[in-house]
Protein chains: 2
Amino acid sequence: MTTTVSGPLAPTAGSATMLHPVGLEGVAIRGGFWGERLAVNAATSIPQGWERLHAAGNVANLEAAARGEGETRGEIFADSDVYKWLEAAAWEIARTGDEVLLRQQRELTAKVAAAQEEDGYLHTIVRLRGMPRYTELGWTHEHYCAGHLIQAAVAQRRGTGDTGLLDVAVRLADHLVRTFGPRASHALDGHPVIETALVELFRETGTAAYLDLAAWFVDARGRSTIGDHARDANYFSDRVPVRETTTPEGHAVRAVYLAEGAADVAVERGDADLLAALERQFAAMAATKQYLTGGLGSRWEGEAFGDPYELPSDRAYAESCAAIGGVQWAQRMLLATGDESYADQVERMLLNGVLPGVSLAGGEYFYVNALQVRGDAVPDDDRNPVNGRLGWFQTACCPPNIMRTLSSLGAYVATTASVDDVPALQLQQYVHGSVAAAGFALDVETDHPRDGRVLVRVREAPEGEAELGLRVPAWAVGATLDGEPVEAGLARIRRTWAPGDEVELVLPFAPRVVHPNDRIDALRGSVAIEAGPLVYAVEQVDLGDGAPVDDLRIDLDEPLLVGESDARLGVPTLLASGRIHRHGPDPYPGAVDAVAAGPVAIRAVPYFAWANRSVGAMRVWIPTD
Amino acid sequence: MTTTVSGPLAPTAGSATMLHPVGLEGVAIRGGFWGERLAVNAATSIPQGWERLHAAGNVANLEAAARGEGETRGEIFADSDVYKWLEAAAWEIARTGDEVLLRQQRELTAKVAAAQEEDGYLHTIVRLRGMPRYTELGWTHEHYCAGHLIQAAVAQRRGTGDTGLLDVAVRLADHLVRTFGPRASHALDGHPVIETALVELFRETGTAAYLDLAAWFVDARGRSTIGDHARDANYFSDRVPVRETTTPEGHAVRAVYLAEGAADVAVERGDADLLAALERQFAAMAATKQYLTGGLGSRWEGEAFGDPYELPSDRAYAESCAAIGGVQWAQRMLLATGDESYADQVERMLLNGVLPGVSLAGGEYFYVNALQVRGDAVPDDDRNPVNGRLGWFQTACCPPNIMRTLSSLGAYVATTASVDDVPALQLQQYVHGSVAAAGFALDVETDHPRDGRVLVRVREAPEGEAELGLRVPAWAVGATLDGEPVEAGLARIRRTWAPGDEVELVLPFAPRVVHPNDRIDALRGSVAIEAGPLVYAVEQVDLGDGAPVDDLRIDLDEPLLVGESDARLGVPTLLASGRIHRHGPDPYPGAVDAVAAGPVAIRAVPYFAWANRSVGAMRVWIPTD
């Protein structure tokens, strides 16, 4: 039952999905904007990740576990960082056939295998510290680490054909099946990810018990059974059962990882009620708990979703991992429903929520993605964006998570229709490269998101009538397909195709002003500027020292203009006009107390590119003049 | 050298202060607004505190330590809750002579004494858990607990004459003097309070070594020597030396407790440089890091001060204890400098920062004092104000801290001049009752802060010329003294006085609109309303279900009016006009997307009284129409 989809998400043929994904077997990203990002990921991020996992002790933990004794280093979930790196390596090998990575993959896989216990159990720190298994599952991340191992194993099998890690994963999963479930232990891991991982393992192996256990974990949650560990049930997504959840709450990464696992269960079981609950939950999140950047989680305390409309720019948490989970969840909802707005979400979160998490040079990371940093901000916690991006973290979840997301990016590009009467291929994300599926072989020319033109050239076409679909994002008002206006959603062309046929989609990238919903208190009186799918930010380095970003106002009577591309950053810029307002000394004056000073030229760069020249004051939302 | 000041703050005669405090020996609060609050504190809060300390295991920890073995309960600083209660009891006994409390004080004092070790060391949890002393001083709170013990001991001596706890405190302080300092251990406690406590013990006993050790602790800090314990140096106020600190940062309670101890050291040593540094730091805090309510600390993460102007209403932390520390620091700065703006700060923080922390009935507490709660807020952490006030907390610092603050409130009411040529008495806070100091015996009639009239009647007067000063708060524009206009600051009347003389101060309580500084992003486009020293809030219960507080706008073209006193709450109300704005569904629309609906009458209650009828949506800052 091995899938032919070389990607992290491969619903079975019998699953209740509207669309099926095309994996790396059918998508090649070459050049253009995303090609550059993937090249940096391959050349810098992943090799540095290998070094840093060794330096930080994660690999040593595996070696010690294989010996059965030794000191441990790092956080309780240290193993998972290794597994995420292995997943990144697998997709990268699939993408480029990198021989060094393949050797490293095999070396590390052997160490993971050696660390596994006889009965399949695998968690280096719990073992080495002599802790009883699963007794503190609320915080030990034993299932969480298992989940990332399984994901890496599936990636290794699908991406490289190696089965070394899959053998480990199957033994571990079989152990979990024996140990947990309705007729065994009812304990739940504090941090979801095992759910989606088990479904993928089911998809890879055909073993129904894995899907059953995933379904059990999804439905057992939400009953406040996870020990509190100084946290409340909502921190663990354990306050409300998934089917009754109307809005995500608590720790953002946990909430969205659980939701994606639930989506996997829903489509494999044809569980329409569960899927409907997830649609409601996603809609509530998008309407009231998501940053303009797609970022998720507005509270540092508990790394959590806030209340509806609680979306401060300065203390936005917007963890890079939460955006990654958001992308994964949205992609699952796209496949399940065929609703293109989920593909818009994938685009927004990838570009503005995930991509800011890594430097353009590829070696440094943001854990937290604030939408505002003040000029006199004090560095404190390593996660504080005022420190700039850092090479690694004590909790190093984000860096390898970004690596695996970029190396598997091709899997988000295209889909095929599950139940259509003719071959149908949909382009969901625009990358420069080629796509082959549903009988089509296409070359795609685009510099998206630096430019709105997408040229699709047919190299091979299926026999007879076939449908090519191109996503028109909701932001692309005025888009044209071969010169004809098209509405947001999926623009479909159904006809007979021949090699050499071309389709041109033009997505308007004119800069636009965005207002906040009246309920978002933190943004009142401010606007943001966007162009295409990109959210823009103003950095101190572009304003100069005499004009503090903190005192900037934008003049909406003046036009927004497209600036020249920034040579150093390689990104488009926008230009606007504004003023500096000088504030008074009294924190709470009896009357409005600010004086508009001279006009100032505003230059904005894409938010994902901020803090790549210098780290200073920055803001996405700018008060109006 | 025992002081004659029966209060928590008694600078020596030789200290470099402009003013000296009058303690409970000279101030009686009877009736009026504050008399009611103190009666509730005595009748409900303090007796319930006794019960809750027993139920929570704090007292059992002492008993186990006396036995030398047993399980421990509560947080590592559990002892300090007992000591704060003992301090509250001591001032209450001083105030009312309560016999039950005196018996309880002696019973508990005996248990504390029995728990002390031979060499003076005292910390029940460190001892009972078999931890080595002082090796984890960053988080064990060993000095912190010692500090609260010393404060309680000093209170017991000054307030009740008992010396049982003072004997314990002296033995503990002597042990600290032997163990810490420039020629001994350089370790520092993660949580300040020992500094101010040791200065008071010096003031009480005359032992200079206590002052020296306090000075050492103050100046040794700020050099990043405190082990990180997953926290950065600024969390511990350990990033910047006190003399170089320009603005408080990190954990708010720790920062202000350290600052008050530094102020004590500064005046006892005549250290003008240190005092100047504290003046700068206080000014920066007041200008950029203090809520309108006087509340301190804008971050849940680390219970910390934010960056300048980072003052969100919804996630305001504004811990009750931080406002208490703020009051204590401001009072020290008032004595040191004679600057009446510090007395304004005491007033603002007491009424709007400390008092909201306890229910009007006296049995429930807020740990966190948010300035906004949304209608659909989800209860999570016990500290979240959406839960309403609670009877006790796992970290129960706030309840007994409020108890001791209220029972010693008299000590903030009046001062005498240290270096004047004639007897001079200043009334700093307005309470109904009597004040006797500097040869004066005065009766004060007022219902402040429910009313702005203060009548002072002279019962006894000093021989010859003498000066009576009355503080005119900065908010009291248009104030009159015996019918004549007076400016903000200290209104002084120097003359010969006779029994029966009267002085009438009238402080205008007309409602007023307050704007936020242009830099406070979280408050842009909103205003607050105040009357007298009170900040007001709008609660859902006063708007009705059809008009969500979350959608409220205030119409500044309509007048603010004084409403009738709320019969249930016993507090004044304000009336205003506004509208409900219906927000659109899109979180980030391309244009302003809200529709003004019908007008609505706004009724506001003092912020300290919110959540005493029901717990629902509330906001202090209201967007303008």
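For A:R133, the accessible surface of its heavy atoms amounts to roughly 80 Å² (probe 1.4 Å, protein chains only, rounded to the nearest 10). A simple charge model with +1 on the Cβ of Lys and Arg, -1 on the Cβ of Asp and Glu and nothing else charged puts the dipole of the stretch A:1-152 at about 260 debye relative to its Cα centre. Size check on the stretch B:512-623: the Cα extents along the three principal axes, sorted descending, read 47, 32, 25 Å.
Karplus-based coupling profile of the stretch A:351-356, in residue order and whole Hz: 6, 10, x, 8, 4, x, with θ = phi - 60° in 6.51 cos²θ - 1.76 cosθ + 1.60 and x standing for Gly or Pro. Peptides B:60-72, A:23-35 ranked from most to least packed, by the mean per-residue count of other Cβ atoms within 10 Å: A:23-35, B:60-72. Please label the shape of the stretch B:527-572 as rounded, prolate or oblate, based on the square roots a ≥ b ≥ c of the eigenvalues of the alpha-carbon gyration tensor (a/c under 1.5 means rounded; beyond that, a/b larger than b/c means prolate, else oblate). Taking the square roots of the gyration eigenvalues as a ≥ b ≥ c, the stretch B:527-572 is oblate.
Computed from point charges on the beta carbon alone (+1 for Lys and Arg, -1 for Asp and Glu), the dipole magnitude for the protein assembly as shown about its Cα centre is near 1220 Debye. Against the compact-protein benchmark of 2.2 N^0.38 Å, the Cα-based radius of gyration of the stretch A:287-400 scales to 1.06.
Counting, for every residue in A:580-591, the Cβ atoms of other protein chains within 10 Å of its Cβ and taking the mean gives 6. Mean separation of Cα pairs under 8 Å and 6 or more residues apart, divided by the residue count, gives chain A a relative contact order of 14 percent.
Take each residue in B:526-532, count the other chain C-beta atoms within 10 Å of its C-beta, and the mean is 1.
The listed residues A:R553, B:R203 rank as A:R553, B:R203 when sorted by accessible area, largest first, using a 1.4 Å probe. Roughly speaking, what is the centre-to-centre gap between the stretch B:580-625 and the stretch A:445-463 when only Cα atoms are used, to the nearest Å? Here the answer is 49 Å between Cα centres. Debye-formula intensities of the stretch B:390-487, expressed as log10 I(q)/I(0) at q = 0.11, 0.14, 0.18, 0.25 Å⁻¹, are -0.44, -0.65, -0.93, -1.38 (one equal scatterer per alpha-carbon, no solvent). Computed over the Cα atoms of the protein assembly as shown, pair by distinct pair, the Kirkwood hydrodynamic radius stands at 32.7 angstrom. Between A:D557 and A:E487, the FRET efficiency from the beta-carbon distance, with R0 = 25 Å, is close to 0.20.
Here the Karplus curve 6.51 cos²θ - 1.76 cosθ + 1.60, taken at θ = phi - 60°, turns the phi angles of the stretch B:519-532 into couplings of 7, 7, 4, 5, 10, 3, x, 10, 9, 10, 10, 9, 8, x Hz, with x standing for Gly and Pro. Summarising the amide proton neighbourhood of A:G7: residues at separation of 5 or more, or on other chains, whose placed amide H is nearer than 5 Å comprise A:L24.
With the convex hull of the Cα atoms taken as the outline of chain A, the averaged projected area works out to 27.3 nm². Heavy atoms of chains B and A lose about 5000 Å² of accessible surface on contact, summed over both sides with a 1.4 Å probe. Using θ = phi - 60° in the Karplus curve 6.51 cos²θ - 1.76 cosθ + 1.60, the 3J(HN,Hα) couplings for the stretch A:303-318 round to 6, 10, 4, x, 6, x, 6, 8, 9, x, 6, 6, 9, 3, 8, 6 Hz; x is entered for Gly and Pro.
Label sites at A:L102 and A:R613, each approximated as a point 7 angstrom past Cα along Cα to Cβ, lie 4.3 nm apart. Taking every DSSP helix (H) stretch of at least 4 residues in chain B, weighting each as -39,500 (n - 2.57) and dividing the sum by the residue count yields a mean residue ellipticity at 222 nm of -10500 deg cm²/dmol. Distance between the 7 Å Cα→Cβ label points at A:E71 and B:T163: 5.2 nm. Potential lengthening of the chain between B:D376 and B:T496 amounts to 37.0 nm, from the contour at 0.36 nm per residue minus the alpha-carbon distance.
The values are calculated or read from the model by the stated rules, or taken from the named source; none is laboratory data. Owing to the predicted nature of the structure, the values given are computational and were not obtained by experimental measurement. Quick reminder, even Gly has a Cβ in these numbers, built from the backbone with ideal geometry, and neighbours come from all protein chains shown. For accessibility, only protein heavy atoms count, side chains too; no ligands or nucleic acids. Shrake-Rupley method; radii C 1.70, N 1.55, O 1.52, S 1.80 Å.
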